[in-house]
Amino acid sequence: MAGVWEDFLQSLRITFYGARYNQASSGAIPRRLLLQFLHLEFDLVPVALLVLAPLAGPRMRSTVQVWLLAYLGAWFYKPLSPCRFLTWNTR
């Protein structure tokens, strides 16, 4: 058990915001949140859900609310994520 606390603290230093592994910083997070609006594929789905929800029945509206909440969670998580995106090396 000796050294467990030191190892834990070292892992926190590596993964903390702005560290080598996690390049997210307090200045970059709001910018990344706003940059997400530039991708229409991410904007159109919640807009369509909001526009079409009043036309649906009560059960469907509750489902729409769950999906909008999930979208909102993903929208906030993406800028906080330590890995900005995945790349595949095709060479």
The residues 43, 7, sorted from fewest to most surrounding Cβ atoms within 10 Å, come out as 7, 43
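Calculate, in nm to one decimal, what residue 8 and residue 28 gain on full extension: separation in residues at 0.36 nm each, minus their alpha carbon distance.
Numbers: separation 20, 0.36 × 20 = 7.20 nm, distance 2.63 nm.
Contour length minus the Cα-Cα distance gives 4.6 nm.
Please arrange 77, 71 by how many other C-beta atoms lie within 10 Å of their C-beta, fewest to most. Walk me through the numbers on the way to the answer.
Numbers: 77 9, 71 14.
Taking fewest neighbouring Cβ atoms as first place, the list is 77, 71.
Every read-out reported here was derived from the displayed coordinates using simple, explicitly stated rules and does not represent laboratory data. In this text, all values refer to a predicted model and were calculated from it rather than measured experimentally. Cβ: placed from backbone, ideal geometry, glycine included. Neighbour counts: every protein chain shown.
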